[in-house]
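**Q** First the structure, then my questions, so here it is.
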Amino acid sequence: MNANVAHRMMPESSEREIFSYSGAVSASIVGATGESLRARLAALNVESHRARKIFSSFVELAYNIIHHGEPEGARDVKIVRCGAIEVWQEDQRYHLRSRSLISAVNAPPIEQRLAALRDLTPEQIRFEFRLRLTNLQYTEDASPTGGAGLGLLTIARNAVEPIDFELMPVPSHDGRLQLTIHTVVQ
């Protein structure tokens, strides 16, 4: 993927693109693109509570790519992960979508966590978030990288509808799947 940050309006439809990034994803890139997104939201006068939800969901989607993504090309773990994140507005809702490659071996636990989150009520999501935040310990369904599983819970907590996701085989990337995660913030 080529690095590309875009800020453009799409006047022909009811959707307005707010932010789009495609390319290498590292902690420093998350910081820089996050600041760009924050500035864009401020320029659009997005209410502060919405902007915080959009920003935190963006950061968690980006870190999901870093922690679970597979590099494009060679499979050297030192290679920066690549992915894409888009933010757009439709009516009063803000959509965020991330795409990245993941190993087929790592897909089942990620798929299970996303499916389980989709079935939780907002109250259950808030309870689980507080529980994990209080305990800050590795749990059975936590991240294989050793995290407490707060990233996906943060995204689910910010969302106004269940997180949507899709895992698709990518024929040109042997043994890897494309993970697409879509969430809506209001």
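The values are calculated or read from the model by the stated rules, or taken from the named source; none is laboratory data. These figures come from a predicted structure and were not determined experimentally. In this analysis, Cβ positions are derived from the backbone assuming ideal geometry, glycine residues included, and neighbour counts consider all displayed protein chains. In case anyone asks, the SASA skips ligands and DNA or RNA and just uses the protein heavy atoms, side chains included. Shrake-Rupley method; radii C 1.70, N 1.55, O 1.52, S 1.80 Å.
**Q** For Glu35, all conditions in the list (1) assigned to a strand (DSSP E or B); (2) open to solvent by 30 Å² or more (accessible area, probe 1.4 Å) hold save one; what is the number of the exception?
**A** Tallying (1) assigned to a strand (DSSP E or B); (2) open to solvent by 30 Å² or more (accessible area, probe 1.4 Å), Glu35 fails exactly one: (1).
**Q** Quick one: count up the residues across segment 79-98 that are in a loop (DSSP other than H, G, I, E, B), of a type in the set (Val, Ile, Thr) and more than 23 Å from Arg176 (Cα to Cα). Let's see the steps before the verdict.
**A** The first filter runs over segment 79-98 and keeps only residues in a loop (DSSP other than H, G, I, E, B), leaving 79-80, 91-92.
Now restrict to residues that are of a type in the set (Val, Ile, Thr): 79-80.
Retained after the next criterion (residues that are more than 23 Å from Arg176 (Cα to Cα)): none.
Going through segment 79-98 one residue at a time, the tally reaches 0.
**Q** Further question on the same structure: Considering each of Ile18, Ile65, Ile54 in turn, give the residue that is under 19 Å from Ile155 (Cβ atoms), of a type outside the set (D, E, K, R) and touching a Gly at 6+ places or on another chain (Cβ under 6 Å). Please lay out each step first, then the result.
**A** Details: Ile18 fails: touching a Gly at 6+ places or on another chain (Cβ under 6 Å); Ile54 fails: touching a Gly at 6+ places or on another chain (Cβ under 6 Å).
Exactly one of Ile18, Ile65, Ile54 is under 19 Å from Ile155 (Cβ atoms), of a type outside the set (D, E, K, R) and touching a Gly at 6+ places or on another chain (Cβ under 6 Å), namely Ile65.
**Q** Check whether at least one residue in segment 130-150 is in contact with a Lys or Arg (Cβ under 8 Å, 6 or more places away or on another chain), within 21 Å of Val185 (Cα to Cα), at pLDDT below 90 and of a type in the set (Gly, Ala, Ser), and report yes or no.
**A** Yes, there is a match, as at least one residue in segment 130-150 is in contact with a Lys or Arg (Cβ under 8 Å, 6 or more places away or on another chain), within 21 Å of Val185 (Cα to Cα), at pLDDT below 90 and of a type in the set (Gly, Ala, Ser).
**Q** Please state which one of Val184, Val170, Val160 is surrounded by fewer than 20 Cβ atoms within 10 Å (Cβ to Cβ), under 13 Å from the mean Cα position of the chain (by Cα) and β-branched (Val, Ile, Thr). Spell out the reasoning first.
**A** Numbers: Val170 fails: under 13 Å from the mean Cα position of the chain (by Cα); Val160 fails: under 13 Å from the mean Cα position of the chain (by Cα).
Sole residue among the options that is surrounded by fewer than 20 Cβ atoms within 10 Å (Cβ to Cβ), under 13 Å from the mean Cα position of the chain (by Cα) and β-branched (Val, Ile, Thr): Val184.
**Q** All but one of (1) at pLDDT below 95; (2) open to solvent by less than 70 Å² (accessible area, probe 1.4 Å); (3) out of contact with any Asp or Glu (no Cβ under 8 Å at 6 or more places or on another chain) hold for Arg176, so report the exception by its number.
**A** Just one mismatch for Arg176, condition (3).
**Q** Limited to segment 1-45, what total is found for residues that are aromatic (Phe, Trp, Tyr) and at pLDDT below 95?
**A** At the first step, the residues of segment 1-45 found to be aromatic (Phe, Trp, Tyr) are 19, 21.
Now restrict to residues that are at pLDDT below 95: none.
Within segment 1-45, residues that are aromatic (Phe, Trp, Tyr) and at pLDDT below 95 number 0.
**Q** Something else: Looking at segment 65-89, which of its residues are modelled with pLDDT of 95 or more and open to solvent by 10 Å² or more (accessible area, probe 1.4 Å)?
**A** Within segment 65-89, Ala84, Glu86, Trp88, Gln89 qualify.
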